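Shown next, in structure tokens, is the structure this report addresses.
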Amino acid sequence: MQGAPDGAELGTTMETLTESSTPGGASRPKQTTARSKRVKSQRSSPSIVSLIQDLVASFRAPGFWLYGAWIDTSLEYRAQALGAFWGVAGTLLFVVLLGTLYSHVLPNRHQSFYVHLATGYVLWVFMQQTLSVSARIYTSNRSMIENGYVKYPDYMLRMFCAELNSLALNLIVVVGAVVLSPISLTAAPLVLFLTIPLFFAAILGICFFCSVLGARYADFAELLRTALRLGFFITPIIWVPGAAGGKSGAIGAFVYANPFYYLIEIIRAPIASGEVPWLEIGVVTAAIPIIWLFASYAYARARPYLPLWL
């Protein structure tokens with residue numbers, strides 16, 4: 001009579017140990033379910049540093065985007081008799097013809113108007129090309145993304161470097177305008193070592209943000225292109241704020257409300273007027289972290305869904 005209870009207790013104890021130790025036990029599925037939920041939550045929650053991590057990975061292996069940008073530039077002018085000269089000819093004609101016309105139309109024209117026009121126009125062409133192309137960068141590389149090449153910053157860096165090659169060609173016009181214009185040399189251009197990296201950092205961050213919007217909304221590319229056409233005329237490129245009453249009053253509010261003005265002025269002012277635009281430099285410096293914060297958040301949220309949106 002005494003052995004029966006001992007056997008029952010022993011059986012109960014062994015059953016409990018078996019359930020807790022075997023894969024088919026009751027506690028093991030609970031642990032597995034909790035772990036899977038935790039892993040799923042980690043995968044679904046976006047990491048805001050994913051853009052920086054992907055950029056670092058792209059810079060460590062630059063073969064695709066660096067060599068690809070050179071191939072894109074070479075193929076663009078390969079079939080033309082004058083080659084890369086056509087990359088400079090359009091900018092040169094625009095600056096010479098429009099500069100000559102506006103030099104007689106605008107009142108109180110500054111001596112460095114050609115430098116003002118050439119620098120502003122060259123920088124605007126670079127911004128217009130990079131922003132408009134970035135809005136459809138993933139759509140234009142849809143086949144490669146669908147085949148599994150999902151290093152998304154590589155596509156952006158390839159496009160950005162190709163546009164840098166075009167910018168380098170157009171800078172010949174700016175150098176010519178500086179040499180031929182009667183402007184005095186000062187120490188102000190030394191600030192370009194600071195403002196040029198700021199300019200490129202801001203533009204690259206905006207490009208990443210526009211790339212996400214362009215992948216998610218198909219109409220965004222056309223909307224951006226229309227806005228850039230309008231932005232060319234409301235940005236002081238072919239006109240000088242000083243010739244329109246300075247930067248005070250309504251003109252000043254109109255100029256300072258334009259974000260493109262700050263990006264252009266931090267490079268143009270030290271060259272054209274020999275002044276250091278501390279206000280514009282401060283605005284761009286403060287805007288860069290905000291730009292990259294928005295770009296990183298949008299990229300982190302959109303990264304898992306980019307192949308589905310294309």
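For the stretch 263-310, the tally of residues that are of a type in the set (Val, Ile, Thr) and surrounded by fewer than 15 Cβ atoms within 10 Å (Cβ to Cβ) stands at 1. In the stretch 259-310, which residue that is free of Cβ contacts under 8 Å to residues at least 60 places away in the same chain and within 15 Å of the chain's Cα centre (by Cα) is nearest to Ala118 (Cα to Cα)? Top of the filtered list is Pro259.
Here the helices (runs of 4 or more DSSP H) wholly within the stretch 128-213 that include at least 1 residues being modelled with pLDDT under 95 and surrounded by 21 or more Cβ atoms within 10 Å (Cβ to Cβ) are 137-140, 152-180. Somewhere in the stretch 277-287, is a residue assigned to a helix (DSSP H, G or I) and within 24 Å of Val133 (Cβ to Cβ)? For the stretch 277-287, residues assigned to a helix (DSSP H, G or I) and within 24 Å of Val133 (Cβ to Cβ): present. Within the stretch 91-140, the set of residues being more than 29 Å from the chain's Cα centre (by Cα) and under 19 Å from Ile234 (Cα atoms) comprises Leu98, Gly99, Leu101, Tyr102, Ser103, Val105, Leu106, Pro107, Arg109, Phe113. Entry remark, the stretch 42-100: residues being surrounded by 15 or more Cβ atoms within 10 Å (Cβ to Cβ), modelled with pLDDT of 90 or more and in a loop (DSSP other than H, G, I, E, B) number 1 in total.
Of all residues in the stretch 255-295, exactly one satisfies the criterion of being under 22 Å from Arg229 (Cα atoms) and of a type in the set (S, T, N, Q), namely Asn258.
Here Gly176 meets the list (1) touching a Phe, Trp or Tyr at 6+ places or on another chain (Cβ under 8 Å); (2) over 21 Å from Gly205 (Cα atoms) almost entirely, failing just condition (1).
Hey, any hits in the stretch 196-206 for a residue that's closer than 30 Å to Thr100 by Cβ, assigned by TED's automatic domain parsing to the domain that holds Arg268 and not aliphatic (A, V, I, L, M)? The answer is yes; a qualifying residue exists.
The values are calculated or read from the model by the stated rules, or taken from the named source; none is laboratory data. Predicted, not measured: the structure shown is a model, and the values here were computed from it. Virtual Cβ from ideal backbone geometry, glycine too; neighbours counted across all protein chains shown.
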